[in-house]
Amino acid sequence: MKKFRKISLSLFFVFLLFACTQSEGIDMQKPEIDLTIQEASPLNCNVFYFGETITLHSLLKDNVELGTYSVEIHHNFDHHSHSTDVMNCDLLPKRKAENPFVFIKGYGIPVGQTSHQTATEIELPTGNELGLFDEGDYHFFISLTDKQGWSTQKGISIKIIHKPID
Amino acid sequence: MKLFISLCLLVLTHALYAVQFQVKGIVLDNEGKTVPGAIVSVSTPNLSTLTNIDGFFQLEAPLSNKTLLLTVQHIGYLPYKQTIESTNSDTLVIELSSSNQLLPEVLVSGNGYLLQKQTFVPLTVQSVSDKELRHYLGGSLMQSIERMSGVSAMQIGSGQSKPVIRGLGFNRLVVVENGIKHEGQQWAADHGLEIDQFAVHHIEIVKGPAALGYGAEAIAGVIALTHDSVPKDNGMRATWDMVGKSNNQLLGSSLQLAYRKNRIFFTLRGTLIDYADFRVTTDSVAMYSYKVGLHNKQLRNTAGKEKNLHTSVGYTSSNLTTRFYVSNMSSKTGFFANAHGLEPRRVNEIVHDASDRDILFPYSEVHHLKITNQTEWLKDNFKVQAQLGFQRNFRQEMSAYVSHGYMPAVFPDNMPFSSSLEREFDKYIYTANVRMMYQFASRFSIVAGNQLDYQHNAINGRGFILPAFTKFADGLYALALYTPSSHTTWQGGIRYDYGSIRTTAYADWYKSPTVESASLNEWDYIERASAMYRQFNAFSWSMGYRYSKDILELKWNIGKSFRMPDAKELAANGVNYHQFSYEKGDASLQPEIAYQLDGTIGFATSKWGIQTTPFINYFSNYIYLNPTANHDWLYGNGNQVFEYSQAAVLRYGTELDAHYQLFKPLSVAFTAEMVVARQLSGEKKGYSLPFSPPHSVIFSVQYQPEKWMFFTNPYIGFDWRLVATQTHIVPPEEITQGYNTLDARLGSDFSFLQRTVSLSIQIQNMLNTRYFNHASYYRLINVPEPGTNLIVNLRMFI
């Protein structure tokens, strides 16, 4: 028993020594997409018109260095939901997509930045060779990375409709 | 000659000691055949002899102790240990069990814990019997053996999990079933093992570099599974297993028939399992901050079912045993409906929540067919084993069509695959292994073998992640085992591997814009993978030493391993539907080279035992899916790009196991494990590796009298598991808080209608603790682990 106690104590000590090593000085923080600034756009439930533009006004921040960001617009006629948005605006009735508008684009951020204000303009054409784009509920999806590969997503519910002919 | 040596020994010992007592016996294998050439030794003083041609041995020992420890070992068998009384003058009948393991190992039986076992080889080997497996029966095979130190299961759902040894899994460890490497789509986190845990009779786990005898991918270790053994007696026998689990209302049944007539035998097993959605400890989960409500705390659409059929037929004689196995495993499992696809879709909760047993979109369906033969031929000290295998792993992942990226909004009706087929993998695997062992009378054994493997993997469906490929691999190895005395063993070996991989080009079935301009005029079918052919070859080696005397057991083992990159690492180029990521392979990756030093220091008596198994492992170029700062805007969905890259990695850790018998039926045990990984170069220098298991300890207590009322072998035990917070994370992981859980188990054998019945009951997570498992596939979307789970398993011998 004495022997057992001695041996177990010393082995346990060795185990603890092993277990207590820590990693140091690496980035453990995700970047941030700030849509609370003045003029922030787009915001949930905003309505935009085909033939005009959406401007992404946001403040991107990171503790070490920002990476890149991308913007994607896709239809939400089936009422799926993004994780980061609040579903509180009235959705139009569900419908089948025929010729929905699709937009996917990546944007660089100058190197060495820890904060970056965007004023990204996105054109909304009225249609393509198949005809006019479908109007209705769309998702405006932003994804931001930092240099180390941490990422943050933000999804915003918007409506894109054709401008009423006066 | 052997007889002569033993006689000489007898005469010598007789001359030296006046007061003697005699140990004699016969050594048989589990088919009742005699085993010549087995090493029989006794402790204090150290004496040994070999069994003669009739399996008979005789030893004379001085009468210094009341009891003696007798050990019997022979290559190809599990070593045997028994304490004998010095007053015993009967002829002992010792039955050895055949081992699937390359080299012999000792089973320390009886204390009921899944602890480290002693082995006669320098490798760290753990062994689990069929009985222990039922004591700890979980939702899947890996969950059942997860309790062992250094072994963990990457949870995919209630019915599936992936094996992890010391933090490494996927294609860095090998699962062997009846001598043949099990091949599925093991590269992905959401693909489980297609193994029927009822059919598994014995498990051996090798921790550490075992690539020498098992193939290049066995860097972290090997999990070797053996099916129902050869029936011992003539006639028909049946065993019926029933299992029920409260958490996911699982019902399972497995019936086995075994028949033997002299040298011919046959077995048949059928298993049916059906389970509902599993229950977690929360009403809602926060997936990337979006709240998903859970009906009845159930993970929507995680129900599943399994249908397995196995049969084997064989012939056994004194020097030849051959056995054919045919099995088919079918499973259909739902994916958590809210978490599949590029965004959490607003699922139709009314449809999904109407029944918790139905399996709706999205789900996966897997069929695994296996036809294998295992043949063993034995003559004197020479043994040849051959294994031939054919496997087909057919996997389909189904989900409702959703256009993403530039996929058409309406699925065209002229496609060669259905709109709901997200992905399909159809893999054919052909294996041929041969191994020869020769044991020289002078305690020197050699093993040499060849492993041949050919695979063809076809793909289908609307999503693309890896291209179709063919892969060829051949490994030639030789190892030697030298036992100068019963205390020491030396082992060394080398292996040469050659492999090639050929991938097929793949282009999208829909058009995407090919230039960045917003005009969107130039559209084409984008080629995501080009045809590629690569060849690899390397030498690897290992060397080890074992010393064992009195209560001390000391081992070290050092080895170099090599693994060729797989098709996904070389040629992936597609969206991962389970997270916001786009994965890209690198066709110029070099094979992974790993060096590992590991050891065992242990002390054991019949009352207590303590053992630590430290290891240190260095990869000069670990292949790692690195999250980059870039987004893929052209080919996909604006997702973050993850690229396969290589970095030097250092890993180290240890396990610690101890048990102590307070008094006869009551014992306590302690198990701890830790592993640390650090990237030493590359873009993630300083970071750990993904899915690193947190440090953990288990305190347990077990009461195990021999008899209680009309119960035989009853037991009751408790496990208190403490898990530390995991702060060693890499993007996109999050810190996982520590937790502690309490599990209980009890069971017994009893007689019912003149039949033997074994009952085992477990209560997992007794306090219904809410916790996250860092190594769970669902961790990234904040799904906690299952709540309290009552498991009842009944086995009846008919």
Legend entry - For segment B:596-746, the Rg and Dmax computed from alpha carbons only, in angstrom: 21.9, 73
Legend entry - segment B:187-276: Rg to Rh, with Rh as the Kirkwood radius over Cα pairs: 1.07
Inset, instruction - Convert each backbone phi in segment A:124-129 into a coupling constant with the Karplus relation 6.51 cos²θ - 1.76 cosθ + 1.60 (shift: θ = phi - 60°), then list the ³J(HN,Hα) values in order as whole Hz, x for Gly and Pro. - result: 10, x, 6, x, 10, 5
Inset, instruction - Search the structure for amide H atoms under 5 Å from the amide H of residue B:154, placed 1.01 Å from N in the peptide plane, and list their residues when 5 or more places away or on another chain. - result: B:162, B:164
Inset, instruction - Determine, from the Cβ-Cβ distance of residue A:91 and residue A:34 and an R0 of 22 Å, the FRET efficiency 1/(1 + (r/R0)^6), rounded to the nearest 0.05. - result: 0.25
Legend entry - In segment B:691-798, GluC sites (Glu not before Pro) in a DSSP loop with at most 15 other beta-carbon atoms within 10 Å: B:706, B:734
Legend entry - From phi via Karplus (6.51, -1.76, 1.60), per-residue ³J(HN,Hα) for segment B:306-320 in Hz, x at Gly/Pro: 9, 9, 10, 9, 10, 9, 9, 9, x, 9, 9, 9, 4, 10, 9
Legend entry - In Hz, Karplus ³J(HN,Hα) per residue of segment B:687-700 (6.51, -1.76, 1.60; θ = phi - 60°; x = Gly, Pro): 7, 7, 10, x, 6, 5, x, x, 5, 8, 9, 10, 9, 9
Inset, instruction - Decide, for segment B:415-492, between rounded, prolate and oblate: order the square roots of the alpha carbon gyration tensor eigenvalues as a ≥ b ≥ c, take rounded if a/c falls under 1.5, and otherwise choose prolate if a/b is larger than b/c, else oblate. - result: prolate
Legend entry - Shielding by partners - mean other protein chain Cβ count within 10 Å, residues of B:654-664: 2
Inset, instruction - Give me the aspartates and glutamates in straight-line cross-link reach of residue B:584: C-alpha distance below 17 Å, same-chain residues under 8 apart excluded. - result: B:508, B:527, B:566, B:569, B:632, B:643, B:683
Inset, instruction - Show me B:374-385, B:640-651, B:490-501 ranked by packing, highest mean number of other Cβ atoms within 10 Å first. - result: B:640-651, B:490-501, B:374-385
Legend entry - Kirkwood hydrodynamic radius of chain B, Cα pairs, Å: 28.0 Å
Legend entry - Placed amide H near residue B:589: partners under 5 Å, 5+ positions off or other chain: none
Inset, instruction - Can you tell me the order of B:473-482, B:659-668 when each peptide is scored by its average per-residue count of other Cβ atoms within 10 angstrom, highest first? - result: B:473-482, B:659-668
Inset, instruction - Quick one: angle between helix B:2-16 and the longest Cα principal axis of chain B, in degrees between 0 and 90, rounded to 10, please. - result: 60 degrees
Inset, instruction - Consider all pairwise Cα distances in the protein assembly as shown and report the whole-number % of them above 41 Å. - result: 42 percent
Inset, instruction - Would you mind estimating how fast segment A:29-161 diffuses translationally, via Stokes-Einstein at 20 °C and 1.002 mPa s with the Kirkwood radius over Cα pairs, in µm²/s? - result: 139 µm²/s
Legend entry - Neighbourhood charge, 12 Å Cβ-Cβ cut-off, centred on residue B:428 and excluding it, Lys, Arg +1 and Asp, Glu -1: +1
Legend entry - Amide H partners (placed H, <5 Å) of residue B:738, local residues excluded: B:725, B:726
Legend entry - Considering only chain B, percent of DSSP beta bridges that pair antiparallel, nearest 5: 95 percent
Inset, instruction - Divide by every residue of chain B the summed helix terms, -39500 (n - 2.57) for each DSSP H run of at least 4, and state the resulting mean residue ellipticity at 222 nm, rounded to the nearest 500 deg cm²/dmol. - result: -1000 deg cm²/dmol
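Read the figures in this text as sums done on the coordinates, not as results from a lab. As the structure is a prediction and not an experimental result, all values here were calculated from the model. Neighbour counts run over all protein chains shown; Cβ positions are idealised from the backbone, glycine included.
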